[in-house]
Amino acid sequence: MTMRKILAANFKTNHTRASTRAYVKALDEGMGAMGYEGEVYLFPPATALDRFETANDIRVGAQNAYPTVKGSFTGEIGLEQLEEFGIETVLLGHSERRHLLGESQSFIANKFAWFKERDFRIIYCIGEPLEVREEGDEAVRRYLVEQFEGIDTSYEKLILAYEPVWAIGTGKTATPELIEKTHAQIKQLCDAPLLYGGSVKPANIADILAVPGCDGALIGTASWEVESMLAMLSQVKG
Ligand code: PGA
């Protein structure tokens with residue numbers, strides 16, 4: 001059985017409410033025109049979350065949320081805000097939240113358990129910084145094992161994304177050999193669908209998706225222009 005690849009677009013702190021709406025419309029039309037049948041996840045900024053009427057399988061998720069229905073958590077959004085728009089997918093463990101915003105593994109594991117309890121699809125990101133990669137495979141394995149601490153690796157609505165920190169937003173993509181090797185290490189720890197992320201773009205996506213053990217891609221920079229996203233979707237084969 002060949003599994004259809006999973007593509008996900010992470011807008012980060014880009015796009016407005018208006019431009020997200022225009023993007024979704026163009027993406028939906030483009031997917032229809034190419035007869036794209038797979039699912040595409042889209043993570044707009046929180047201010048652009050909405051219910052979108054689409055003919056194709058575009059699933060809007062939150063880039064982050066706080067493990068609460070509502071309450072006093074300044075600057076955060078909780079379940080009440082997500083439910084208003086029927087959001088059922090959340091991205092957790094992204095390296096920018098781990099490293100720029102200082103989210104600890106135990107806090108991320110807390111969020112994971114909370115959103116799992118509420119039946120969310122969770123795209124869970126893991127990946128090592130450069131200094132760990134430079135120490136070699138065993139150091140990478142140990143680092144990744146720690147990022148599974150407190151995480152239910154058998155959760156059926158889990159999708160993993162392996163994103164080496166040194167490849168995110170840097171233009172430096174991991175080689176297919178390195179992705180294959182690391183994905184094999186990760187698959188021994190968890191056999192959920194596994195995406196690769198880190199400078200994926202139209203020029204390299206076909207090679208990356210062809211890597212054995214790569215079930216899709218989580219794309220930042222190259223997903224922000226809808227033409228570029230469609231150029232990547234057009235290279236996805238069943
Ligand atoms: P990038 O980001 O494609 O810009 O490297 C990937 C990500 O952070 O998910």
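Laboratory data are not the source of any read-out in this text; all were calculated from the coordinates shown. None of these values were measured; they are calculated from a predicted model. For neighbour counting, all protein chains shown are included, and Cβ atoms are generated from backbone atoms with ideal geometry for every residue, glycine included.
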What does the highest-first list of 13-22, 69-78, 150-159, 210-219 look like by mean Cβ count within 10 Å? 210-219, 150-159, 13-22, 69-78
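Near Glu135, within a Cβ-to-Cβ distance under 13 Å, what is the net charge of the other residues, with Lys and Arg +1 and Asp and Glu -1?
Every neighbour counted, the sum reads -2.
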Past the 24 angstrom mark, what percentage of all C-alpha to C-alpha distances in the stretch 83-221 do you count? 26 percent
Just the projected area, averaged over all directions, of the convex hull on the alpha carbon atoms of the stretch 165-224: how many nm²? 3.9 nm²
In straight Cα distance, which lysines are under 22 Å from Lys181, not counting same-chain residues fewer than 8 positions off? Lys5, Lys172, Lys201
Please report how far the C-alpha centroid of the stretch 115-181 lies from that of the stretch 1-52, rounded to the nearest whole angstrom. 23 Å
Per 5 Å bin from zero, what fraction in whole % of the C-alpha pairs of the chain is there, up to the bin with the longest pair? 1, 6, 15, 19, 21, 17, 12, 6, 2, 0
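Once you have the alpha carbon radius of gyration of the stretch 130-203, what is it after dividing by 2.2 N^0.38 Å, with N set to its residue count? Working shown, then result.
Numbers: Rg = 12.5 Å, N = 74, 2.2 N^0.38 = 11.3 Å.
Compared with the compact-globule rule of thumb, the stretch 130-203 sits at 1.11.
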Along the principal axes of its C-alpha atoms, what lengths does the stretch 93-166 span, in descending order and rounded to whole Å? 39, 25, 17
Find out how many positive minus negative residues lie around Ile122, taking Lys and Arg as positive, Asp and Glu as negative, among other residues whose Cβ is under 14 Å from that of Ile122. +2
